[in-house]
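Below is one structure, written out as structure tokens, with a few remarks after it.
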Amino acid sequence: MSRNADSMPDAHAHSGRQATASKTVDIVVCVHNALTYVKPCLESVIMNSPRDRTHVFIINDGSDENTSKYLRGFSTRCPSVTLIESDVNEGYTRSANKGLRASTADYVVLLNSDTIVPEHWLDRLIECGESDERIGIVGPLSNAATYQSVPEIRTAEGDWAVNVLPAGVTVDDMADKVYELSDRSFPRAFFLNGSCYAIKRRVIETIGLFDEESFPIGYGEENDYSIRAREAGFELAVADHAYVYHAKSRSFGHERRKALSQAGRRALEAKHGADKTGAGRDVLETHPSLRR
């Protein structure tokens with residue numbers, strides 16, 4: 001017996017939910033101090049990630065004693081957490097690669113240690129990734145993630161916006177509002193912000209790990225990876241129904257972060273050329289789904 005047309009969307013949605021629920025995810029959180037922000041990050045990850053198919057790798061990159069002590073206690077309390085430690089600060093890129101090497105899941109999410117994730121965040125990222133086999137890397141919307149920021153992308157002065165949540169509005173409230181307003185168009189991007197960067201296993205198997213030599217401290221490594229992924233035939237997509245809060249680089253001060261960002265851009269242009277590193281950066285800024 002044939003199905004009527006009205007039944008098709010429900011069947012398709014059910015199939016999509018099944019595909020999403022079957023995928024395993026490893027979450028890699030690199031930590032260097034900033035314990036005030038690390039605690040709510042890790043607590044939100046454990047609270048809001050499905051434990052039956054997720055594992056968390058915490059990479060302690062030479063943190064101070066207070067932070068290290070907390071991470072050891074946290075990993076002991078949580079069976080779904082593995083702690084990998086270094087006595088010295090090796091830099092973000094090497095730390096991230098430790099997590100990528102340890103991972104075996106269908107997806108690996110590189111998550112900054114100054115983020116807070118809401119309920120359903122992972123399912124929404126994976127739903128986006130599973131919507132098209134060509135998609136290789138996925139990122140959410142955020143309060144502070146360059147072109148993926150909502151409600152504002154830039155300040156009046158032209159700098160990247162850090163959107164403060166209004167009084168009484170929680171991260172979950174904002175995530176619910178984003179979900180409500182989204183049309184799930186999953187806009188394609190040339191680059192995705194590295195604060196929450198979900199990579200399919202097939203991408204890692206195809207192009208390998210982050211470039212530790214060109215970007216040892218970070219700042220540019222995810223843009224390099226995005227370029228390499230696109231050149232290998234993968235698409236990058238924004239899960240425009242997902243939201244992750246980002247406190248914005250609390251392991252470094254503003255001036256230090258600015259200097260590192262400039263150094264990363266120079267390294268990226270030296271490796272790929274100005275044409276590739278500047279291509280498509282405004283695609284998301286004018287995308288109708290995100291403008292709404």
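Residues are listed down the side, and each one gets a yes or a no for (1) hydroxyl-bearing (Ser, Thr, Tyr); (2) modelled with pLDDT of 70 or more:
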position	(1), (2)
217	no, yes
231	no, yes
246	no, yes
251	yes, no
256	no, no
270	no, yes
281	no, no
290	no, yes
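Looking only at residues of segment 54-73 that are in contact (Cβ under 8 Å) with a residue 40 or more places away in the chain and in contact with a helix residue (DSSP H, G or I) (Cβ under 8 Å, 6 or more places away or on another chain), we find that the one that is surrounded by the fewest Cβ atoms within 10 Å (Cβ to Cβ) is 54.
Only one of the numbered conditions (1) in a strand (DSSP E or B); (2) within 24 Å of residue 35 (Cβ to Cβ) is not met by residue 141, and that is (2).
How about segment 160-266: which helices (runs of 4 or more DSSP H) wholly inside it have at least 2 residues that are polar (S, T, N, Q)?
Details: elements: 171-181, 201-207, 221-231.
Ranges flagged: 221-231.
Pairing each residue of segment 193-219 that is open to solvent by less than 20 Å² (accessible area, probe 1.4 Å) with any residue that is part of a loop (DSSP other than H, G, I, E, B) and not aliphatic (A, V, I, L, M), provided the two are 6+ apart or on different chains, yields C-beta distances under 6 Å for 203/234. Considering (1) in contact with a strand residue (DSSP E or B) (Cβ under 8 Å, 6 or more places away or on another chain); (2) over 20 Å from residue 32 (Cα atoms), the lone condition that residue 111 does not fulfil carries the number (2). Scanning segment 233-246 for residues that are open to solvent by 10 Å² or more (accessible area, probe 1.4 Å) and either under 13 Å from residue 199 (Cβ atoms) or among the hydrophobic types (A, V, I, L, M, F, W, C) (or both) yields 234, 235. Given the conditions (1) at pLDDT 95 or above; (2) out of contact with any Phe, Trp or Tyr (no Cβ under 6 Å at 6 or more places or on another chain), report the number of the one that residue 18 does not fulfil. Result: residue 18 passes all but (1).
The values are calculated or read from the model by the stated rules, or taken from the named source; none is laboratory data. Remember, it's a predicted structure, so these values are computed and weren't measured experimentally. Cβ coordinates were reconstructed from backbone atoms using ideal geometry, including for glycine residues, and neighbour counts include every protein chain displayed. Ligands, DNA and RNA are stripped out before the accessible areas are found, and what is left, the full protein with its side chains, is counted by its heavy atoms. Shrake-Rupley method; radii C 1.70, N 1.55, O 1.52, S 1.80 Å.
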